[in-house]
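Since the structure comes first, as structure tokens, the remarks are kept for the end.
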Amino acid sequence: TSWRVARGEWTAREGRFIGSGDSRIDFKRELPREGVLTFKMNVRRGLRPRIRLTDNLWFGNEGDRRRLAFHATGSLHPNFGHDYANGSELQIRIVLGPNQFRAFVDGTFVGFAARNKDQPLKLSLQGGDGWSQGKTEFYELAISPLSSDDARLPTTEVRYGGRKYLICNVPVSRKKAAAECKEFGGYLVRVQSPEEYRFVQGLIREQGSTHC
């Protein structure tokens, strides 16, 4: 088998890994340095489903709110996130990019996390922890190569005053933003009025980001 039970109770049935209680199972091999990890998840009870990508970074739940987000050791202040309900099937897609991880739930971008390029990617699944003796199913796990679309920045398109804006939800350099604009047939421009400035600031607040 390619998996090793680290702790707790795990069962494998019909291609599904089911972890109960304070449970963790580790993939024995390192993940590719770049690629796309996809899987489905269903939290049957409790809290604390987690998908660990490195020793100190994971995508999952913390605290008493059913909300999936990236977390890192020593930090409980995630960006964005996705609220979920127990018993619901979730389609999760994590892009393992060269500089950051990006997560999508049911096709919607829900957050990012910077990555240390020198740190190996070690996949682990957790069904729950000592605080919440949960039960979680993971299934249809797959890893695929990184495509050109995956390398593209996640954006939201809006229009105002004859201009089209692409609101970017991740940190991005001016050079990268200019390249993205050029690819879409646009260009970087300066905000030309206080009204436009307030509009853009409002967009940023709505997206829950400080990057535009």
### Task
Tell me which residues, restricted to the range 22-37, are open to solvent by 20 Å² or more (accessible area, probe 1.4 Å) and under 25 Å from residue 132 (Cα atoms).
22, 24, 26, 27
### Query
Does any residue of the range 74-83 turn out to be more than 10 Å from the chain's Cα centre (by Cα), modelled with pLDDT of 85 or more and under 28 Å from residue 12 (Cα atoms)?
yes
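For (1) within 17 Å of the chain's Cα centre (by Cα); (2) surrounded by 16 or more Cβ atoms within 10 Å (Cβ to Cβ); (3) of a type in the set (Asp, Glu); (4) within 23 Å of residue 47 (Cβ to Cβ), each residue gets a yes or a no:
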position	(1), (2), (3), (4)
100	yes, no, no, no
104	yes, yes, no, yes
107	yes, no, no, no
113	yes, yes, no, yes
119	no, no, no, no
129	no, yes, yes, yes
133	no, yes, no, yes
140	no, no, yes, yes
144	yes, no, no, no
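For (1) assigned to a loop (DSSP other than H, G, I, E, B); (2) of a type outside the set (Val, Ile, Thr); (3) surrounded by fewer than 18 Cβ atoms within 10 Å (Cβ to Cβ); (4) modelled with pLDDT of 90 or more, each residue gets a yes or a no:
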{"position": "1", "(1), (2), (3), (4)": "yes, no, yes, no"}
{"position": "4", "(1), (2), (3), (4)": "no, yes, yes, yes"}
{"position": "20", "(1), (2), (3), (4)": "no, yes, no, yes"}
{"position": "92", "(1), (2), (3), (4)": "no, no, no, yes"}
### Message
When the residues of the range 146-166 are narrowed to those that are loosely packed, with under 13 Cβ neighbours inside 10 Å and under 13 Å from residue 96 (Cβ atoms), which ends up modelled with the highest pLDDT?
### Response
147
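The values are calculated or read from the model by the stated rules, or taken from the named source; none is laboratory data. Predicted, not measured: the structure shown is a model, and the values here were computed from it. Cβ sites come from the backbone with ideal geometry, for glycine too, and all protein chains shown count toward neighbours. Ligands, DNA and RNA are stripped out before the accessible areas are found, and what is left, the full protein with its side chains, is counted by its heavy atoms. Shrake-Rupley method; radii C 1.70, N 1.55, O 1.52, S 1.80 Å.
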